[in-house]
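Asker: Just passing along the structure, written as structure tokens.
The values are calculated or read from the model by the stated rules, or taken from the named source; none is laboratory data. Worth saying up front: this structure is predicted, and the values here are computed from it rather than measured. With ideal geometry, Cβ positions are generated from the backbone for all residues, glycine too; neighbour counts draw on all protein chains shown. Accessible surface areas use protein heavy atoms only, side chains included; no ligands, DNA or RNA. Shrake-Rupley method; radii C 1.70, N 1.55, O 1.52, S 1.80 Å.
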Amino acid sequence: MWRRWCAAAGGAAVSARAEWERDDWRAKAAVAAAASAAAYVLTRPSPRLAVVDCGSGSTRVHVFESDSRQRSTRLDARLSEARDPRDFAAKVAAAVPRRTPVVVGGTGGVRATLRSDEERRALEAKVREALALSGPCVVRVLSGQEEARLELRAARSVANDPSIGVISGGGKSMQVATDDVAVSVPLDSYAGDALVREKGPRLGAKLHEWECRRRVANALDGRRLDGHFAAIELASKTLDLVSADSSIDRDAALVALRRCLDDRDTDPTLRVYAAQLLALLDVAFHRDATFSLLPDANHRGRPGDPPAPSWPLGVYLDRHRWLP
């Protein structure tokens, strides 16, 4: 279709050019419009982009068809545990449509396995080489600040609110971002699970909460945030499980989270996430902060679904900055 458009635009330009010398304003307008249309067709970027989210608990391939359409596939592979990047790359390549630009991003789980910038660059190069895709391919281990900024971009787009902040969570980290702050706090839910198993539900969760409080305070250096925030991913899922409200203020959220921790029948995994989120909200936010729950990205992804807020959506929205 685009080629036919180009041919039509080019033909219109040639035909109109013959009228140019007669100083016909209609011909001049036709030439300008045809040239503009041809330039747009030739430079128009493909709207499709595959973003591979290499998290601590799973790898997901998100294929974005437009700003409002996304489909996702979960892979039985983790970059943070891959002994040979070629095995990981083969599974990713099989899930990506042909001739589709790809951005592969590692988050907290991958960051935790790397000890230096040299190791990070070496891993990125190995995965890029192993993928050997025909289209553009970018491989990057995201910094915590990058991840937070991308999640903020996505949350503002989904909420249609350019002033909202964001809080999010995964298996190895939680992010907070506003216009002025973008941090990722290394809160390890796997370590929390181990404490709960070793020390028991209540003591283990309490010890994990104390460690999370220390890490949040260090990451934010004493700053407290106010305003309205979108809760996404595991932050949204946790608040949804402990409260029936889709919008909640900080103090009400703390009460609901503490009630969850005090309940002896609380699921162990939920107990760990509740301890992490309670520490984050209590240490990092003023009491007048409020939170709206946005949909969990992991519970969507059927063909035609609208994109859920996540850092891969942030990459797609800013794809002109990511692709060569």
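Asker: Check whether at least one residue in the range 285-300 is farther than 29 Å from residue 51 by Cβ, at pLDDT below 95, out of contact with any helix residue (DSSP H, G or I) (no Cβ under 9 Å at 6 or more places or on another chain) and surrounded by fewer than 17 Cβ atoms within 10 Å (Cβ to Cβ), and report yes or no.
Answerer: no
Asker: Please work out which residue is nearest to residue 230 (Cα to Cα), limiting yourself to the range 172-187 and to residues that are in contact (Cβ under 8 Å) with a residue 60 or more places away in the chain and surrounded by 21 or more Cβ atoms within 10 Å (Cβ to Cβ).
Answerer: Looking at residues that are in contact (Cβ under 8 Å) with a residue 60 or more places away in the chain and surrounded by 21 or more Cβ atoms within 10 Å (Cβ to Cβ), I get 176.
Asker: On to the next question. Counting only residues that are of a type in the set (Ser, Thr, Tyr), give me the helices (runs of 4 or more DSSP H) lying completely in the range 181-264 with at least 1 of them.
Answerer: Ranges flagged: 189-199, 233-242.
Asker: Please go through the range 56-73 and give me each residue that is surrounded by fewer than 23 Cβ atoms within 10 Å (Cβ to Cβ) and under 21 Å from residue 174 (Cα atoms), ordered by number.
Answerer: Residues satisfying the conditions are 57, 58, 60.
Asker: Same structure, new question: How many of the residues in the range 258-279 are open to solvent by less than 30 Å² (accessible area, probe 1.4 Å) and closer than 20 Å to residue 186 by Cβ?
Answerer: Number satisfying all stated conditions: 8.
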